[in-house]
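Encoded as structure tokens, the structure appears first; notes follow it.
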Amino acid sequence: MNMTYEIRQSGESRSFPTGDAFLDGGEAGADVVILLGKELQADPSRAAILVELGHESLGVHTGEDAGREGSNVLGFARFRNGDDAPSNLIELVRQPATPDSTIDAARAVFEGAGFEVAVCTDQAGRILDRLIRPKYNAALRFLDEGLATAEDMDLTCRLGLGYADGPIERLERGGLAHHYDATKALFDVNGTAAYAPARRALVAKQRQGD
């Protein structure tokens with residue numbers, strides 16, 4: 001399936017920062033509209049309307065209706081570790097009654113541009129943050145408790161588990177304040193201890209305000 005896309009942008013995008021090649025492929029009047037930093041602009045004539053999400057749910061933009069919500073509007077976010085360059089993964093957010101044709105149109109746009117696409121329901125943290133933030137929090141707490149040094153934890157993950165980098169170096173590189181924002185959003189929704197921002201993330205966020 002070939003799908004064209006139109007980009008409507010206001011301000012900086014975390015998914016597609018200035019200079020990203022994807023920004024150059026848009027065209028007016030296309031099948032799919034991608035909203036970057038703009039409020040929802042409904043248009044039932046389009047195959048899909050894609051709203052870039054931060055930590056909020058798609059329902060913030062569309063409203064919700066007792067589990068019956070769903071239209072040609074989807075949410076999306078390109079996974080990014082803090083200030084690192086965006087990854088190649090797009091998390092596509094659907095609602096309970098989202099038509100399959102809308103998902104197919106959005107997937108066609110992103111996959112046509114060379115991205116990997118994962119479809120998920122409208123949950124805080126989508127897929128990746130829900131999986132990895134508790135592990136990052138645990139690593140930060142282990143560091144506070146003196147269980148292991150940052151270097152030893154990172155080395156163990158690289159050599160023992162085959163990861164490209166360890167949790168502490170990844171968090172430090174991407175920015176602990178970003179980790180605080182992600183975990184705080186998850187904790188506000190779920191209220192479980194695993195998502196409570198670790199102390200070092202809180203300190204980084206407080207220092208960011210200086």
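Things to note:
- Within the stretch 38-92, being among the acidic types (Asp, Glu) and under 26 Å from Asn190 (Cβ atoms) holds for Glu52, Glu56, Glu64, Asp65, Glu69, Asp83, Asp84, Glu91.
- Yes/no for Ser71 being without any contact (Cβ under 8 Å) to a residue 24 or more places away in the chain, surrounded by fewer than 21 Cβ atoms within 10 Å (Cβ to Cβ) and among the hydroxyl-bearing types (Ser, Thr, Tyr): no
Okay, residues lined up against (1) without any contact (Cβ under 8 Å) to a residue 12 or more places away in the chain; (2) closer than 30 Å to Met3 by Cβ; (3) under 18 Å from the mean Cα position of the chain (by Cα):
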| site | (1), (2), (3) |
| --- | --- |
| Pro134 | no, no, yes |
| Leu143 | no, no, no |
| Thr149 | yes, no, no |
| Asp152 | yes, no, no |
| Ala185 | no, no, yes |
| Gly191 | yes, no, no |
| Ala194 | no, no, no |
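- Enumeration of residues in the stretch 38-59 that are outside any loop (DSSP other than H, G, I, E, B), over 11 Å from Ser71 (Cα atoms) and in contact with a Ser or Thr (Cβ under 9 Å, 6 or more places away or on another chain): Val51, Glu52
- Qualifying residues in the stretch 16-52 (those that are closer than 21 Å to Phe115 by Cα and touching a helix residue (DSSP H, G or I) at 6+ places or on another chain (Cβ under 8 Å)) - the one surrounded by the most Cβ atoms within 10 Å (Cβ to Cβ): Ala48
- Helices (runs of 4 or more DSSP H) completely within the stretch 96-210 that count 3 or more residues being under 30 Å from Gly70 (Cα atoms) and either among the acidic types (Asp, Glu) or modelled with pLDDT of 95 or more (or both): 100-112, 128-145, 176-190
- Tabulated pairs, the stretch 83-108, first in the same structural domain as Val60 (by TED's automatic domain parsing) and without any contact (Cβ under 8 Å) to a residue 12 or more places away in the chain, second of a type in the set (S, T, N, Q) and surrounded by fewer than 21 Cβ atoms within 10 Å (Cβ to Cβ), C-beta under 9 angstrom, 6+ apart or interchain: Ser87/Asn81
The values are calculated or read from the model by the stated rules, or taken from the named source; none is laboratory data. All values derive from a computational prediction rather than experimental measurement. As a convention, Cβ positions derive from the backbone with ideal geometry for all residues, glycine included, and neighbour counts pool all protein chains shown.
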